[in-house]
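This report concerns only the one structure given below.
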Amino acid sequence: MDSPLKAGRAALLSVVLLIALAGPAAASPPVVLAKVKPWHWWLAPVLGVSFLGLLFMMIVGYVVKVVMLKYGVKVGRKTT
């Protein structure tokens, strides 16, 4: 079994490594984001359209599964 002392040492070591390795990144000069065109500019329209499609499907599903059953409208295949 691991003792609490080993877990504490591991946590302390991870914090020390995080601080030591993050130091060079903080020392670099700041980058002006307005000058650099981001590579992920196309991601916003894709996520927006996906969200609208999901919202539309959820509304249609709610109407079919809840509202139409409330008023007695059956949707689906007709049995023969």
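The values are calculated or read from the model by the stated rules, or taken from the named source; none is laboratory data. Not measured: the values here are computed from a predicted model.
For the range 24-68, a tally of residues being of a type in the set (A, V, I, L, M, F, W, C) and at pLDDT 85 or above returns 19.
Every condition in (1) assigned to a helix (DSSP H, G or I); (2) of a type in the set (S, T, N, Q); (3) modelled with pLDDT under 80 is met by THR79 except one, and the failing one is (1).
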